[in-house]
Structures are given as C-alpha cells and as structure tokens.
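Notes follow the structure.
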Amino acid sequence: MNVKWAKRIEELPPYLFAEIDQRINELKSKGVDVIDLGIGDPDIPTPANIIEALKAAADDPENHRYPSYVGMLSYREAVSHWYGKRFGVKLDPQSEALTLIGSKEGLAHAPLAFIDPGDIVLVPNPGYPVYRVATTFAGGIPYDMPLLKENNFLPDLDSIPEDVRRKARIMFLNYPNNPTTAVTDKDFFKKVVDFATKHEILVCHDAAYTEIAFDGLTPPSFLQVDGAQEIGIEFHSLSKTFNMTGWRIGFCVGNKKAIAGLGKIKTNIDSGVFQGIQYAGIEALNNYTLGIEERRKTYEERRDIFCKGLEEVGLNYYPPKATFYVWFEVPEGVSSKDYASKILTETGIVVTPGNGFGNYGEGYIRVSITIAKERLIEAVERLKDVKL
Ligand SMILES: *Cc1c(COP(=O)(O)O)cnc(C)c1O
C-alpha cells in the first residue's frame, strides 16, 4: 500500500536537527573528528540528588501505575513554591499549574487548545520551530514577529497591523531567547500585557532559560508583571536548568482557564509523566540552588572562550547574557546555510544556520556551547582556519 501523508506533514520541511544529525553521521563514518555545536543539549550530567530521588521512587510500586493527568499535586506544589521563592509569583497548585512531558510537549499542544482554523498566532522569527509548526497543525495561521538586531531582538508590537491584532488569539514569546540569546525586562513584558489585554490575546511565554543567565543577571518571569496572569501562561522546563533534557519533564503555569484548556487536550492525548520522574522534579525544584552557580560559571567561562575566538576571527556577535548559545553574524555576502556548510566541511564543526529558525535568522549562525572547555578551545582554533 502507498501510505499517503497528510498535508500537514507532507508540506513540512524535515525537523532541522534531524537533517543535521544525518550530516554528522556521514562525516563521522568518514573518520572526521566532528565537534558538535549544533543542538542545545547540556553535556553536564543531572545532579546526583535528583538521580537518587528517581532511584528511590522507582522502587515504590505506587509509582508504577498511571499517573494523574494534570500531574501529582506534590509536584505542582513544588512548582508553585519555586515560583514564589524565585519570582515572588503566587500560584494555586490545584488550578494554576500543570505537569508537562517537557515544555516542548506543552508548547506543541497549546494551539490545539486555543486556536480554531483560520485564527492567527503571533510567532517570533527567528524562533523555536515548535511555535510555528504547532500553529499550523491546529489549522492556525502563523504571523511573523521579526526579531531584529536594531530592536535588540524584541518584537516591535506597534508594527503589527490592526486586522492581524483582531484575528490573533495567541502570542508566543521566549526570553531569555533561543536562538538570539536576547534577554528582556519587566518593562517590555508590561508592554506585552497592555497589548495582549487590549486585543484579548493569550500570551504563551516560553521561559526555558530563565535560570541560565550570566554576570549576576536574574531574568524575570512574564507572570511577575501586573495583569500577566489574566492573559498569560508560562512554559517552563527542568531540562536546561537541571541538565534533564532526557527526562522529559516541565510545567505550565498561569491563567486558570488556559491551564484547564491545555489540561483538557492532554487528558485526551497523553497519560501524564511517570511519578518517579515527578519525584525527581520535586527534588530538583526544592533544592534548586544546589550547584546552579557552578553550572552558570561553567557556561560563562565557555561563552568567554567562544566569544574571544569570534573576535579574533573577526565575526560580529552578540555577547550572550543568558542561554547556552552564541548568536553571530556570517560575513557579508554569504548565506547562513552556505557558511554553516563551509564551517562543517573545512573544520568538522557543526553549527546551526540562523535561517533554520525562520527567514529572519538569515545572516546568522547559532552555536551551542554545551561541550567541554577543551573541545571548545579546539573548535575556536579550527574556526581561525575557515577561509572567507
Ligand atoms: C530546549 C527548549 C525547550 C524544550 O524543552 P523541553 O522541556 O526539554 O521540552 C523549549 N523552548 C526552548 C526555547 C528551548 O530551547
């Protein structure tokens, strides 16, 4: 039988990193010593106290059964408690917090809960690809909010046309930002709250990187701004903060009606997160300062190594104040894709072309500094040999 794909996947380009993975495997099979600065996946192991919590929970048969759809109350209490301590935001664990199978899962399901076919979704470009794809899966229409360097990689809300505002139902935002590494403050979030309140748009803020920040910076939560809980939800992840990308656990907090809507979708699609992993999540959140400064320092040191290298090579970059990425410009007259290819062929270093995150990422490259310092130094040395 000729299996026919639905249009929604037929028209989709291959997932960016799946394609890059294939290139890496090709090179490796030819014996090339590949340095992978492609995907953002922490190389440092999950802290031992979190692993111990999982081990203990795995032995308890109570945890072998189906978990609750919305997540264990004790996990949602830990989430609420953490939001109080870290951001001064008060949340009701019963109605304002939801366990997710990683924040990607929640972000991907959000449009199904809030979008009818033909509704507009405001998406940052460049941006995490899930916002756009999930929008089209739900029959929504993505409307690009360009993130330009002259606006410090923040969307220009004033430039969104009146008819788009009227049809928009969701706005996706993400600060600290992947891929541009831009950070923002409560003043900008306040502008977003005013805009969204006026036009009745649900703000879906992806806060995956609030805990990976440098030079003493503490990025805010969107929910810290007055009025944000009326119009917004925030997606968070244990993946980046605690080096738990493989564990698949995150959460969504904020507006009750929105949390209930997303919960209703999930009830019909998945059956929650293994309780052993939720216990590990509780341990992580309750002791969130444990080792966090060390992890930040590690990334800070790597950032400095890589940025100094870019300076020596003569490439323009944006010194990251947060995230574990570096966002830099390709030389004049070269495309992101060609430059990324050139780097890979000439040095064996994998980088991500900026246009993989949307056409406004053209002209840029993103590297992930989730590799050991020694390898990063080696990468910088190899980059010096790339001919323009
Ligand atoms: C890594 C990442 C996520 C996904 O995190 P998970 O919780 O592992 O699904 C979400 N948003 C952005 C911007 C990310 O970079």
Hey, among Ile44, Ile51, Ile20, Ile39, which residue is aliphatic (A, V, I, L, M) and more than 16 Å from the ligand (Cβ to nearest atom)? Ile51
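Given the condition among the charged types (D, E, K, R), in contact with a strand residue (DSSP E or B) (Cβ under 8 Å, 6 or more places away or on another chain), within 19 Å of Ile24 (Cα to Cα) and assigned to a helix (DSSP H, G or I), answer yes or no: does some residue in the range 329-345 qualify? Explain how you work it out, then say what you get.
Keep residues of the range 329-345 that are among the charged types (D, E, K, R), which gives 329, 332, 337-338, 342.
So of that shortlist, the ones also in contact with a strand residue (DSSP E or B) (Cβ under 8 Å, 6 or more places away or on another chain) come out as 329, 337.
This time we only want the ones that are within 19 Å of Ile24 (Cα to Cα), so: 337.
If we keep only those that are assigned to a helix (DSSP H, G or I) as well, we get 337.
Scanning the range 329-345, I find at least one residue that is among the charged types (D, E, K, R), in contact with a strand residue (DSSP E or B) (Cβ under 8 Å, 6 or more places away or on another chain), within 19 Å of Ile24 (Cα to Cα) and assigned to a helix (DSSP H, G or I), so the answer is yes.
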The conditions are (1) crowded, with 19+ Cβ neighbours inside 10 Å; (2) not in a helix (DSSP H, G or I), and Ile50 fails exactly one of them. Which is it? (2)
Can you name every residue in the range 242-258 that is part of a helix (DSSP H, G or I) and crowded, with 22+ Cβ neighbours inside 10 Å? Ala258
More than 29 Å from Ile50 (Cβ to Cβ) and in contact with a Ser or Thr (Cβ under 7 Å, 6 or more places away or on another chain): does that describe Lys337? no
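What are the residues in the range 56-71 that are surrounded by 11 or more Cβ atoms within 10 Å (Cβ to Cβ) and either under 25 Å from Gly106 (Cα atoms) or not acidic (Asp, Glu) (or both), if any?
Within the range 56-71, Ala56, Ala57, Ala58, Asn63, His64, Pro67, Ser68, Tyr69, Val70, Gly71 qualify.
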I'm told Arg86 meets every condition in (1) within 16 Å of the ligand (Cβ to nearest atom); (2) among the basic types (Lys, Arg); (3) surrounded by fewer than 18 Cβ atoms within 10 Å (Cβ to Cβ) except one. Can you identify the failing condition by its number? (1)
For the range 195-220, give me the residue count where each residue is away from the ligand (no atom under 16 Å from the Cβ) and in a loop (DSSP other than H, G, I, E, B). 8
I need the full set of residues from the range 90-114 which are among the hydrophobic types (A, V, I, L, M, F, W, C) and under 21 Å from the mean Cα position of the chain (by Cα), in order please. Ala97, Leu98, Leu100, Ile101, Leu107, Ala108, Ala110, Leu112, Ala113, Phe114
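Against the condition more than 16 Å from the ligand (Cβ to nearest atom), surrounded by 21 or more Cβ atoms within 10 Å (Cβ to Cβ) and either under 24 Å from Lys190 (Cα atoms) or not β-branched (Val, Ile, Thr) (or both), how does Glu283 come out, does it pass?
yes
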A careful count of residues in the range 55-110 that are out of contact with any Ser or Thr (no Cβ under 7 Å at 6 or more places or on another chain) and of a type in the set (Val, Ile, Thr) gives 3
Residues in the range 208-236 that are touching a helix residue (DSSP H, G or I) at 6+ places or on another chain (Cβ under 6 Å), among the polar types (S, T, N, Q) and closer than 20 Å to Pro320 by Cα: how many? 1
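I'd like to check something: does the range 289-299 contain any residue that is assigned to a helix (DSSP H, G or I) and crowded, with 24+ Cβ neighbours inside 10 Å? Before the answer, list the steps.
Step one: list which residues in the range 289-299 are assigned to a helix (DSSP H, G or I), which gives 292-299.
Right, trim to crowded, with 24+ Cβ neighbours inside 10 Å and you get none.
No - not one qualifying residue is present in the range 289-299.
With touching a residue at least 24 places away in the same chain (Cβ under 8 Å) and more than 19 Å from the chain's Cα centre (by Cα) as the only criterion, which of Ile212, Ile233, Ile249, Ile201 stands out? Step through it out loud before you land on a result.
Numbers: Ile212 fails: more than 19 Å from the chain's Cα centre (by Cα); Ile233 fails: more than 19 Å from the chain's Cα centre (by Cα); Ile249 fails: more than 19 Å from the chain's Cα centre (by Cα).
Result: Ile201 is the single residue among Ile212, Ile233, Ile249, Ile201 that is touching a residue at least 24 places away in the same chain (Cβ under 8 Å) and more than 19 Å from the chain's Cα centre (by Cα).
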Pairs under 6 Å by beta carbon, first residue more than 15 Å from Phe137 (Cα to Cα) in the range 1-25, partner assigned to a loop (DSSP other than H, G, I, E, B), six or more apart or different chains? Phe17/Ile39; Ile20/Gly38; Ile24/Val34
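Restricting attention to the range 2-20, and to residues there that are in a helix (DSSP H, G or I) and more than 20 Å from Asp338 (Cβ to Cβ), which single residue is modelled with the lowest pLDDT?
Let us first name the residues in the range 2-20 that are in a helix (DSSP H, G or I), namely 7-10, 16-20.
With more than 20 Å from Asp338 (Cβ to Cβ) added as a condition, the list becomes 7-10, 18.
Details: Lys7: 91, Arg8: 90, Ile9: 90, Glu10: 89, Ala18: 73.
In this case the residue turns out to be Ala18.
Return the residue satisfying two criteria in turn: it lies in the range 221-237 and is part of a loop (DSSP other than H, G, I, E, B) and either among the hydroxyl-bearing types (Ser, Thr, Tyr) or crowded, with 20+ Cβ neighbours inside 10 Å (or both), and of such residues it is nearest to the ligand (Cβ to nearest atom).
Taking the range 221-237 as the starting set, the residues that turn out to be part of a loop (DSSP other than H, G, I, E, B) are 221, 225-227.
Checking which are either among the hydroxyl-bearing types (Ser, Thr, Tyr) or crowded, with 20+ Cβ neighbours inside 10 Å (or both) leaves us with 221, 225.
Values: Ser221: 15, Val225: 20 Å.
Filtering first and then ranking leaves Ser221.
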Expected single match for away from the ligand (no atom under 16 Å from the Cβ) and farther than 24 Å from Val192 by Cα among Leu91, Leu112, Leu73, Leu100 is Leu73
If only one of Ile365, Ile349 is under 20 Å from Ala18 (Cα atoms), without any contact (Cβ under 8 Å) to a residue 60 or more places away in the chain and in the same structural domain as Val32 (by TED's automatic domain parsing), which one is it? Ile365
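The values are calculated or read from the model by the stated rules, or taken from the named source; none is laboratory data. These figures come from a predicted structure and were not determined experimentally. Cβ coordinates were reconstructed from backbone atoms using ideal geometry, including for glycine residues, and neighbour counts include every protein chain displayed.
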